[in-house]
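The values are calculated or read from the model by the stated rules, or taken from the named source; none is laboratory data. Model, not experiment: these values are computed from the prediction. With ideal geometry, Cβ positions are generated from the backbone for all residues, glycine too; neighbour counts draw on all protein chains shown. Heavy atoms of the whole protein, side chains included, go into the accessibility calculation; ligands, DNA and RNA do not. Shrake-Rupley method; radii C 1.70, N 1.55, O 1.52, S 1.80 Å.
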Amino acid sequence: MTDDDTRWVGWVRAEHRTGSISALAGVFSTRGVNVDSMSTGDLRDDAGLVVVTFRAGDRRARLLARTLERLPQVRSVQVRRADDLGVRAAAVVHLPPGVTFRPPPHAAVRWSGETEQGQPLLVEGALTDVEATVEAARAVGATSDATVIQPPYA
């Protein structure tokens with residue numbers, strides 16, 4: 001893995017208006033950085049939270065954060081490495097009927113759901129541990145309905 005392969009998560013609080021998402025995407029595009037995922041949500045005070053995952057080196061990630069902060073519609077930006085234990089996520093996966101599943105022992109996650117009873121599995125923890133759990137569930141036939149990266153704590 002090269003320095004440019006470091007995975008990052010960015011949380012951008014931006015004004016809820018036409019063109020905000022386009023402006024954010026443009027910052028990544030003009031700097032040659034591909035967005036792995038982008039989601040919106042948590043609309044309050046006429047501003048929404050945009051969560052972006054991408055791969056870049058440390059220097060480029062800092063440059064992206066500074067550039068995003070300068071956009072007129074952006075109120076705040078926070079960027080962390082995806083493997084930072086403070087980057088939290090939640091996921092819901094459905095397993096085939098009758099499959100009993102437990103998260104991998106190395107994944108420090110909280111989980112609920114009796115998969116052998118046909119209940120969905122809800123898992124929460126550090127992003128990397130949640131992703132490892134979803135991957136292990138997929139290996140035994142699960143489908144993932146949703147993975148959400150949670151907003152950072154203040």
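Given the -39500 (n - 2.57) contribution per DSSP H run of 4+ residues, what per-residue ellipticity at 222 nm results for the chain, rounded to the nearest 500 deg cm²/dmol?
-7500 deg cm²/dmol
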Expected unfolding gain across Asp45-Arg110 under the 0.36 nm per residue rule, minus the alpha-carbon gap, is 20.3 nm
Using only Cα atoms, find the angle between the long axis of helix 58-70 and the longest principal axis of the chain, and express it within 0 to 90 degrees, rounded to the nearest 10.
60 degrees
Cα axis of helix 127-139 to longest principal axis of the chain: angle in degrees, 0 to 90, nearest 10?
40 degrees
With a 1.4 Å probe and every protein chain left in place, tell me how much accessible area Ser76 has, in Å² to the nearest 10.
60 Å²
Read phi for every residue in segment 4-20 and hand back ³J(HN,Hα) as whole Hz from Karplus 6.51 cos²θ - 1.76 cosθ + 1.60, θ = phi - 60°, with x for Gly and Pro.
6, 8, 5, 8, 10, 10, x, 10, 10, 8, 10, 4, 7, 8, 4, x, 4
Please report the accessible area of His106 (heavy atoms, 1.4 Å probe, ligands and nucleic acids excluded) in Å², nearest 10.
130 Å²
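What is the ratio of the Cα radius of gyration of the chain to 2.2 N^0.38 Å, where N is its residue count, to two decimals? Walk me through the intermediate numbers first.
Working: Rg = 17.2 Å, N = 154, 2.2 N^0.38 = 14.9 Å.
Taking N as the residue count of the chain, the ratio is 1.15.
Loop-only GluC sites (Glu not before Pro) in segment 71-154, please: DSSP not H, G, I, E or B, and at most 16 other Cβ atoms within 10 Å. List each step's numbers first, then the result.
Numbers: sites: Glu114, Glu116, Glu124, Glu131, Glu135; in loops: Glu114.
Of the GluC sites (Glu not before Pro), the ones in loops of segment 71-154 whose Cβ has at most 16 other Cβ atoms within 10 Å are Glu114.
Restrict the search to segment 1-77; then list the trypsin sites (Lys or Arg not before Pro) that DSSP places in a loop and that have at most 14 other Cβ atoms within 10 Å of their Cβ.
Values: sites: Arg7, Arg13, Arg17, Arg31, Arg44, Arg55, Arg59, Arg60, Arg62, Arg66, Arg70, Arg75; in loops: Arg17, Arg31.
Listed in order of number, the matching sites are Arg17, Arg31.
Keeping the other protein chains in place, figure out the carbon and sulfur percent of the accessible area of the chain, with a 1.4 Å probe.
Whole-percent figure for carbon plus sulfur exposure: 50.
Suppose the chain between Asp36 and Arg80 were pulled fully straight at 0.36 nm per residue; how much longer would it get relative to their current alpha carbon spacing?
14.4 nm
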